[in-house]
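S.K.: My questions all concern the structure below.
The values are calculated or read from the model by the stated rules, or taken from the named source; none is laboratory data. Source: prediction; values computed, not measured. No Cβ is skipped: glycine too gets one built from the backbone with ideal geometry, and neighbour counts run over all protein chains shown.
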Amino acid sequence: MVRLIAAIALALALVPSPTLAERVVARVSISTQTMKVYHEGRHLFTWPVSTAKSGKITPTGVFAPDFLSRHHRSSRYNNAPMPWAIFYDGNYAIHGTDQLKRLGQPASNGCVRLHPDNAAILFRMVKSEGMENMRVEIVH
C-alpha cells in the first residue's frame, strides 16, 4: 500500500500541469455504486462505493471540494468515523468507512463511502494536487 501511494505521488510529480480543475476527477455513479478516479484524463482506479440508502439523498452534479479532514468524526451521526474525508456541497463528503461489506450498494446517509485504503489514496492525491485542481462528479 505504501509503495502504491509513493508510486502515485512520484507519477503525479513528474507529469506537467494541465488546465486547473482537471487534474483529479472523482466520478461517482449512483446506479453502479462505483467511483472512477482520473488523473489528467487518464483512468487510474475504479472502486466500489456506497451512496445514499433509501430515504436519503446523495446529490448529483459537479462539485469542488470545500475542505479536507484526515481524522473526521460525524457531528450528525453519533460521532461516526469518516477517515480521509473530502467535503463538498456543504455536509457531504467522500470518506472511508468501516462498513466494508456494504460497499457496492446504497448504505450511507448521503455521503460517498469508500474502502479506507482507497479513500487514503484519493485524499493524498487531492492533497498533492491541491483542492482547486479536483472535481467531484456525481451522476445517476
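S.K.: Just checking, does the stretch 63-77 include any residue being aromatic (Phe, Trp, Tyr), exposed (fewer than 14 other Cβ atoms within 10 Å of the Cβ) and assigned to a strand (DSSP E or B)?
M.R.: yes
S.K.: Looking at Ser54, Ser31, Ser17, which is the one that is in a loop (DSSP other than H, G, I, E, B), modelled with pLDDT under 95 and of a type in the set (Gly, Ala, Ser)?
M.R.: Ser17
S.K.: Please enumerate the residues belonging to the stretch 37-65 that are under 14 Å from the mean Cα position of the chain (by Cα) and without any contact (Cβ under 8 Å) to a residue 40 or more places away in the chain.
M.R.: Tyr38, Leu44, Thr46
S.K.: Oh, and also: When the residues of the stretch 29-60 are narrowed to those that are among the hydrophobic types (A, V, I, L, M, F, W, C) and under 21 Å from Ser128 (Cα atoms), which ends up surrounded by the most Cβ atoms within 10 Å (Cβ to Cβ)?
M.R.: Out of the qualifying residues, it is Met35.
S.K.: Kindly provide the set of residues from the stretch 90-140 that are under 24 Å from Arg76 (Cβ atoms), among the basic types (Lys, Arg) and surrounded by fewer than 18 Cβ atoms within 10 Å (Cβ to Cβ), ordered by number.
M.R.: Lys101, Arg102
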